[in-house]
């Protein structure tokens with residue numbers, strides 16, 4: 001226990017045992033997930049399950065503190081395990097270099113005490129929520145928009161993310177960090193707060209009578225809390241209308257991987273913004289920034305090849321394809337992260 005004696009002075013040996021016996025899943029090892037994992041490993045959480053299908057990129061390094069230049073091109077989850085094992089060899093670390101999808105999520109969260117959402121896309125955020133509702137799991141949601149941090153602990157037996165935001169926003173309304181930008185210090189604040197909230201939960205000192213959303217303006221150092229409650233119209237946690245079959249049907253999509261891409265049959269369309277295109281693009285494509293274009297007539301009449309849309313991560317293109325398909329367009333999306 002000598003390793004933990006400074007924190008045992010605060011939480012006692014029984015508190016340390018609660019931490020040592022806990023299993024936490026961290027989904028996303030970016031700007032938020034990196035400090036979360038670092039501090040929870042150092043605190044002695046017994047088991048960490050790290051989930052991220054992304055690889056380290058140079059543009060990650062200003063905020064993703066687990067990684068360095070030698071890690072570029074490697075899976076984040078694997079390199080995070082290497083780093084964290086050197087921080088605390090007593091922590092059991094399990095890694096998954098795959099996307100958090102319905103089947104994986106449903107089968108993997110059963111034995112964890114807490115899930116922490118460090119992702120930056122709404123598709124995964126809502127899926128994490130829905131899986132936790134199905135499994136009656138507690139999870140922490142931490143998100144950032146430029147300088148504003150939102151942090152909530154959801155006990156899905158009482159309320160969930162959909163109580164606050166029933167459905168994802170329309171495409172392009174809320175940018176992610178690659179579009180809006182973010183300071184590394186802001187993600188560090190967010191991740192540290194999320195890690196502290198996780199420890200409070202494990203130590204059973206997160207005992208608010210009314211659940212709270214913490215809101216931090218990192219630019220002005222303003223911190224506030226807003227009481228939140230279950231929405232009686234929430235079809236997820238209140239009406240319990242979500243099932244595994246429902247999620248599987250919702251997530252059935254029209255994805256194509258790079259390995260499946262055939263330029264003789266597929267026509268690529270880049271739907272990102274001009275600034276993103278400067279960083280990386282695929283050859284022989286059509287540039288169609290959807291934030292600036294609302295005329296989809298070309299796609300309605302195009303019949304030469306199958307249309308395959310792409311963005312930085314696949315999230316925006318997936319939503320756009322869903323929209324086009326309601327108009328009768330035979331559209332697909334590239335389910336790959338675009339390397340910079």
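The numbers here are math on the coordinates, done by the rules we state, and not lab data. Quick caveat, the model's predicted, so the values are computed rather than measured. Methodologically, a virtual Cβ is constructed for each residue, glycine included, from the backbone with ideal geometry; neighbour enumeration extends over all protein chains shown.
Highest mobility in the GNM of the chain, judged by mean-square fluctuation with C-alpha springs under 10 Å and restricted to 54, 155, 285, is found for 285. Model label points for residue 249 and residue 325, set 7 angstrom from Cα along the Cα-to-Cβ axis, are 1.4 nm apart.
Hydrodynamic analysis of the chain uses the Kirkwood radius over alpha carbon pairs. Inserted into Stokes-Einstein at 20 °C and 1.002 mPa s, it gives a translational diffusion coefficient of 101 µm²/s. The gain in end-to-end length when the residue 293 to residue 209 segment is fully stretched comes to 25.5 nm, 0.36 nm per residue minus the alpha carbon separation. Beta bridges from DSSP with both residues in the chain: antiparallel share about 40 percent, rounded to the nearest 5.
Each part gets one Cα centre, and for region 124-152 versus region 1-15 those centres are 29 Å apart.
Helix 122-135 and the longest principal axis of the C-alpha atoms of the chain enclose an angle of approximately 50°. Comparing 153, 50, 183 in a Gaussian network model of the chain, where Cα atoms under 10 Å apart are tied by springs, the biggest mean-square fluctuation is seen for 183.
So what is the relative contact order of region 113-268, in percent, for Cα pairs below 8 Å that sit 6 or more residues apart? Walk me through the numbers before you get to the answer.
On the way: 201 pairs, mean separation 37.5, N = 156.
Taking the mean separation of contacting Cα pairs over the length of region 113-268, I get 24 percent.
Helix 5-20 and the longest principal axis of the C-alpha atoms of the chain enclose an angle of approximately 60°. Note on 143, 224: ascending count of other Cβ atoms within 10 Å places them as 224, 143, the fewest first. By the count of other C-beta atoms within 10 Å, a proxy for reagent exposure, 292, 276 are ordered fewest to most as 292, 276.
A helix-only calculation puts the chain at -10000 deg cm²/dmol for mean residue ellipticity at 222 nm, using -39500 (n - 2.57) for each DSSP H run of at least four residues, averaged over all residues. Roughly how far apart, in whole Å, are the Cα centres of region 202-249 and region 320-340? Cα centroid of region 202-249 versus Cα centroid of region 320-340: 30 Å apart. Packing around the peptides 294-301, 55-62, 309-316, taken as the average count of other Cβ atoms within 10 Å per residue, puts them in this order, highest first: 309-316, 55-62, 294-301. Within the listed set 147, 249, 88, the Gaussian network model of the chain (springs between alpha-carbon atoms below 10 Å) gives the highest mean-square fluctuation for 249.
Estimate the FRET efficiency between residue 61 and residue 97 by the formula 1/(1 + (r/R0)^6), using the beta-carbon distance for r and 30 Å for R0, to the nearest 0.05. Could you put the intermediate results ahead of the total?
Values: r = 19 Å, r/R0 = 0.64.
It comes out at approximately 0.95.
Scoring 159-166, 22-29, 186-193, 262-269 by mean Cβ neighbours within 10 Å over their residues and listing the highest first yields 22-29, 186-193, 159-166, 262-269.
Each peptide among 226-236, 75-85 gets the average number of other Cβ atoms lying within 10 Å of its residues, and from highest to lowest they stand as 75-85, 226-236. The ranking of 303, 336 by Cβ neighbour count inside 10 Å, starting from the fewest, reads 303, 336.
Taking the centroid of alpha carbons for each part, region 257-272 and region 53-77 are 26 Å apart.
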